[in-house]
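See structure below.
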Amino acid sequence: MTTIPTTYEASRDRFHEALAAVRERWPEARLISHSLPGAESEGPVPLQGTGPWKTHEAQDLSIDWISAPALVGRTGSPTYALATEQKSKLLILTTGEHGIEGYVGSTMLQLFIEEYLPRLDPTETGLLLVHIINPWGMKHHRRVNVHNVDLNRNFVKEIAPLAASNPAYVPLDNFLNPPRPFKHPTLHKLAVTLRAPGLILRYGIPKFRAAALLGQYRFPKGIYYGGRELQEETRTLMGLFREHIRDYDQMLHLDMHTGYGPRRQMTLVNSCHEKMTSAEAVSKFGYPRIAAATAEEFYAIQGDMIDYLYTVMAQEFPGKPFYAATFEFGTFGESLWDSIRELRTMIFENRLHWFGASRAARAWISHEFDELYCPSEPAWLEKALGDARQAFTGILKAERYIS
């Protein structure tokens with residue numbers, strides 16, 4: 001039975017154990033671990049009576065992946081001969097770019113290993129399975145990395161030109177990132193709930209949503225911060241992608257996320273660079289809810305990993321068939337109230353991290369944040385697994401990875 005792991009370490013152990021199952025059909029599969037430096041948190045400053053949100057301690061953190069090259073020809077033994085010519089298809093599956101989302105992402109990766117690897121043909125398909133891109137965030141139940149960087153706003157070739165981007169975020173900074181300790185949950189909830197509708201009316205829902213979610217590069221302690229330089233996690237994945245892409249004729253990349261969209265329907269999110277329309281994708285994959293990462297259909301993102309890959313493919317590997325998408329498992333819902341609750345939870349968690357909170361407030365915020373990215377309701381997980389199966393099957397069949 002596929003279950004959500006309880007800790008980052010348990011998830012990593014389970015992934016390491018999966019290597020044996022992969023090697024049954026890809027004997028040359030390798031498990032590689034990239035240890036991350038900078039294991040000590042950059043904040044917050046401990047506050048009298050509140051205590052630090054995250055402690056400064058040495059940590060064993062790594063980005064782990066299984067690389068399994070496509071194979072050709074049976075030799076009469078259980079092993080295969082490695083292909084010497086250009087291989088046919090590469091399948092990439094990534095999880096945990098937003099650390100806390102790795103709990104569900106790890107679960108979907110395990111589902112894929114258990115139910116879909118046996119249906120793939122190792123003589124024509126290679127694998128790159130990435131466990132958790134942001135292990136610090138997963139371990140500490142944060143969305144960002146140790147430097148408060150949202151890694152899905154960090155996949156760009158040059159960050160410096162983005163410093164002045166998203167000017168609409170600036171007047172919202174005090175609302176989104178109040179520089180004060182969190183003391184009274186009821187009062188703070190009421191303040192955000194009352195103020196948010198006024199800001200939405202002032203800016204309009206599309207502009208307000210875009211300003212908050214697009215990504216910003218000015219406020220290091222703010223939400224959706226894209227950083228001022230490429231992060232170690234980002235550089236590692238960029239190199240990993242290029243290393244594998246060049247050896248294959250066709251590529252498919254599926255990335256696991258949670259948080260946005262209807263509570264009981266996963267959204268398959270296409271890149272804004274994907275030429276296929278959402279309606280065409282629904283028809284092709286047989287999956288009912290597909291949206292492009294644009295302001296009109298979902299929300300726009302700068303520094304997005306999937307968008308980055310589309311750019312790399314177009315510029316460095318033109319002509320290679322390529323499809324990539326995000327599985328976005330909705331949690332709170334998509335009503336206006338649900339959206340305000342999501343944003344409120346993001347604001348409170350970030351404020352808690354930097355400025356502390358009372359013990360009761362800390363417990364409440366932590367619970368809300370966990371529910372936003374990893375719901376505890378068993379029925380939610382059951383539906384999410386069903387949606388994942390439907391999407392995996394539809395995409396793999398349409399892209400001819402399985403029959």
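Numbers for the structure displayed
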| item | result |
| --- | --- |
| Verdict on Arg153 being within 26 Å of Ser67 (Cα to Cα) and surrounded by 22 or more Cβ atoms within 10 Å (Cβ to Cβ) | yes |
| Residue check for Glu280: free of Cβ contacts under 8 Å to residues at least 24 places away in the same chain and under 29 Å from Leu111 (Cβ atoms) | yes |
| Failed item, numbered, when Phe322 is tested on (1) closer than 21 Å to Ala291 by Cα; (2) modelled with pLDDT under 95; (3) of a type outside the set (Gly, Ala, Ser); (4) surrounded by 15 or more Cβ atoms within 10 Å (Cβ to Cβ) | (2) |
| Single match in Arg218, Arg228, Arg195 (criterion: at pLDDT 85 or above, over 20 Å from Val146 (Cα atoms) and of a type outside the set (Asp, Glu)) | Arg195 |
| Candidate set: segment 357-381, residues that are acidic (Asp, Glu) and farther than 17 Å from Ser106 by Cβ; chosen: the one farthest from the chain's Cα centre (by Cα) | Glu377 |
| Residue check, Arg246 surrounded by fewer than 23 Cβ atoms within 10 Å (Cβ to Cβ), more than 30 Å from Pro288 (Cα to Cα) and in contact with a Phe, Trp or Tyr (Cβ under 8 Å, 6 or more places away or on another chain) | yes |
| Evaluation of Lys275 against (1) touching a helix residue (DSSP H, G or I) at 6+ places or on another chain (Cβ under 7 Å); (2) not in a helix (DSSP H, G or I) (one fails), failing number | (1) |
| Members of segment 223-255 found to be in a helix (DSSP H, G or I) and not polar (S, T, N, Q), listed by number | Glu232, Glu233, Arg235, Leu237, Met238, Gly239, Leu240, Phe241, Arg242, Glu243, His244, Ile245 |
| Options Glu328, Glu334; residue that is under 18 Å from Gln265 (Cβ atoms) and either within 15 Å of the chain's Cα centre (by Cα) or assigned to a helix (DSSP H, G or I) (or both) | Glu328 |
| Hits in segment 358-383 - residues which are under 20 Å from Thr7 (Cα atoms), among the small types (Gly, Ala, Ser) and part of a helix (DSSP H, G or I) | Ala363, Ser366 |
| Residue tally, condition of a type in the set (Asp, Glu) and farther than 17 Å from Glu114 by Cα, over segment 374-403 | 2 |
| Residues satisfying the stated conditions in segment 209-223, i.e. under 16 Å from Pro167 (Cα atoms) and either surrounded by fewer than 20 Cβ atoms within 10 Å (Cβ to Cβ) or out of contact with any helix residue (DSSP H, G or I) (no Cβ under 6 Å at 6 or more places or on another chain) (or both) | Arg209, Ala210, Ala212, Leu213, Leu214, Arg218, Phe219, Pro220, Gly222 |
| Lone qualifier among Ala314, Ala357, Ala361, Ala300 - being over 22 Å from Tyr103 (Cβ atoms) and crowded, with 23+ Cβ neighbours inside 10 Å | Ala357 |
| Subset of segment 278-295 [part of a loop (DSSP other than H, G, I, E, B) and either among the β-branched types (Val, Ile, Thr) or within 18 Å of the chain's Cα centre (by Cα) (or both)] | Ala293, Thr294 |
| Subset tally (residues that are among the acidic types (Asp, Glu) and closer than 28 Å to Glu280 by Cα) for segment 368-403 | 3 |
| Flag if Gly126 is modelled with pLDDT of 95 or more, within 20 Å of Arg351 (Cα to Cα) and not in a loop (DSSP other than H, G, I, E, B) | no |
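Residue-wise test of (1) more than 19 Å from the chain's Cα centre (by Cα); (2) among the hydroxyl-bearing types (Ser, Thr, Tyr).
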site	(1), (2)
Ala211	yes, no
Pro220	yes, no
Gly227	no, no
Thr234	no, yes
Gly259	no, no
Lys275	yes, no
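The values are calculated or read from the model by the stated rules, or taken from the named source; none is laboratory data. Just so you know, these numbers come straight off a predicted model, no measurement behind them. Backbone-built Cβ (ideal geometry, glycine too); neighbour counts: all protein chains shown.
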